[in-house]
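The values are calculated or read from the model by the stated rules, or taken from the named source; none is laboratory data. Computed from a predicted model, the values in this text were never measured in an experiment. So basically every Cβ, Gly included, is an ideal-geometry build from the backbone, and we count neighbours across all protein chains shown. Note: accessible area is taken over every heavy atom of the protein model, side chains too, but ligands, DNA and RNA are not part of it. Shrake-Rupley method; radii C 1.70, N 1.55, O 1.52, S 1.80 Å.
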Amino acid sequence: MDKRTGMKIGLLCVLLGVCSAVKIINLKVPSTYLLDQTSKTPDPLILDCEYEVDESEKGFVLKWLLDGQPVYQWIPSKNPFPFQSFKNRVDTSYVVSQEHLHKHRAMAIIKPLANFTGEYMCIVQTYASIDRKSAKLKIIVRESKFDLSYYLNGDGYITVDCHARDISPLPELQIRINYELFETENLKSVQGENGLYNVSISGRIRKDQLESPAMIECLLSIPETNYNKRRSTTYYESHLKTTTTTVATTTTVEMLQAAPENLQKKGFNATETNGASSSLPVPLRTTTSVLATVVTILLIFTSTLL
């Protein structure tokens, strides 16, 4: 039986569902993989495809696809072959089993990228049979920053702000006050050239509607994964901080309020000085006395000459 005939028979077997010469029994694709960007040698991402195959089968080929596009292929008589999109990202020396038809069935991805998220499919086939299974994987890039804050606006409202930077895939954010969902604006997100997201949400509440103390939380989650983060802080009215504009206004008001006191103090000194208006300052009085003495001496000297 030649290769073309075998493939036709294999396709017919799949359509009729009567072939069992090769069968996938377990697909090991994690639902999430947390990418550690700080590590120079992170653990490889291992995708494994366990199957049963009759040793008498001919033309065995194993393939891995990502969203329908081939990324890895192994034929037992040849070395594993990563396709262009995964070139230099697969450890082709990785061995999962010493059995001839299982040796390189697993794909060991080195330093996976954020865009490696998607649906992975394992296909095993021979001339006479074929089987396939798929599973979804999300590559999670941990956020570089996750902050929660609140501050007082000049209009009497308190703004609660939560934001995260450099995260993937796109997360969801929620703010809660005393464990109840807080109404916020829609999520704002910006995706950078590196494919990572900067996200933020904020909401406002009147200061007189927020009792002190109060628990404020921000919850970060990535849909369809178990990745969840939480930030919390306690609101105290005495700890309220204002925006830069309000601080500048407050400082200006304080300076204006202090000015009359300084003027009053100077006025008091001036009044003390004015209270002795007939008296000249000490240096001036001394100079006047000296001049009077000189004039008197000159008059006496002139009278003697006459």
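Here are a few things to note about the model shown:
- Total residues in segment 178-219, condition in contact with a Cys (Cβ under 8 Å, 6 or more places away or on another chain) and under 26 Å from residue 32 (Cα atoms): 3
- Scanning segment 35-49 for residues that are part of a loop (DSSP other than H, G, I, E, B) and surrounded by 15 or more Cβ atoms within 10 Å (Cβ to Cβ) yields 42, 44.
- Reported count of residues in segment 50-83, each being hydroxyl-bearing (Ser, Thr, Tyr) and either over 25 Å from residue 21 (Cα atoms) or open to solvent by less than 60 Å² (accessible area, probe 1.4 Å) (or both), is 2.
- Qualifying positions in segment 231-241 - surrounded by 13 or more Cβ atoms within 10 Å (Cβ to Cβ) and farther than 12 Å from residue 177 by Cβ: 231, 237, 240
- Selection status of residue 188, modelled with pLDDT of 95 or more and surrounded by fewer than 16 Cβ atoms within 10 Å (Cβ to Cβ): yes
- Those residues of segment 23-44 which are more than 23 Å from the chain's Cα centre (by Cα) and among the hydrophobic types (A, V, I, L, M, F, W, C), in sequence order: 24, 25, 27, 29
- Of the residues making up segment 102-122, just one is touching a Pro at 6+ places or on another chain (Cβ under 9 Å), within 12 Å of residue 137 (Cα to Cα) and without any contact (Cβ under 8 Å) to a residue 60 or more places away in the chain, namely 117.
- Sole exception among (1) closer than 30 Å to residue 116 by Cβ; (2) surrounded by 13 or more Cβ atoms within 10 Å (Cβ to Cβ) for residue 224, by number: (2)
- Counted residues, segment 84-101 - those being touching a residue at least 12 places away in the same chain (Cβ under 8 Å), assigned to a loop (DSSP other than H, G, I, E, B) and open to solvent by less than 80 Å² (accessible area, probe 1.4 Å): 6
- On inspection, residue 161 does not qualify as more than 30 Å from residue 29 (Cα to Cα) and out of contact with any strand residue (DSSP E or B) (no Cβ under 9 Å at 6 or more places or on another chain).
- From the options 98, 125, residue that is on the phi < 0 side of the Ramachandran plot, touching a helix residue (DSSP H, G or I) at 6+ places or on another chain (Cβ under 8 Å), in the same structural domain as residue 64 (by the TED database) and not aliphatic (A, V, I, L, M): 125
- Test: residue in segment 64-75 that is in contact with a Pro (Cβ under 6 Å, 6 or more places away or on another chain), in a loop (DSSP other than H, G, I, E, B) and under 30 Å from residue 144 (Cβ atoms): no
- Of all residues in segment 192-217, those being under 13 Å from the mean Cα position of the chain (by Cα) and part of a strand (DSSP E or B) number 5.
- Scan of segment 151-165 for residues that are within 27 Å of residue 136 (Cβ to Cβ) and either open to solvent by 70 Å² or more (accessible area, probe 1.4 Å) or at pLDDT below 95 (or both), ordered by number: 165
- Filter pass, residue 58 being part of a loop (DSSP other than H, G, I, E, B) and basic (Lys, Arg): yes
- Scanning segment 191-221 for residues that are basic (Lys, Arg) and out of contact with any Leu (no Cβ under 8 Å at 6 or more places or on another chain), we see that the one that is surrounded by the most Cβ atoms within 10 Å (Cβ to Cβ) is 204.
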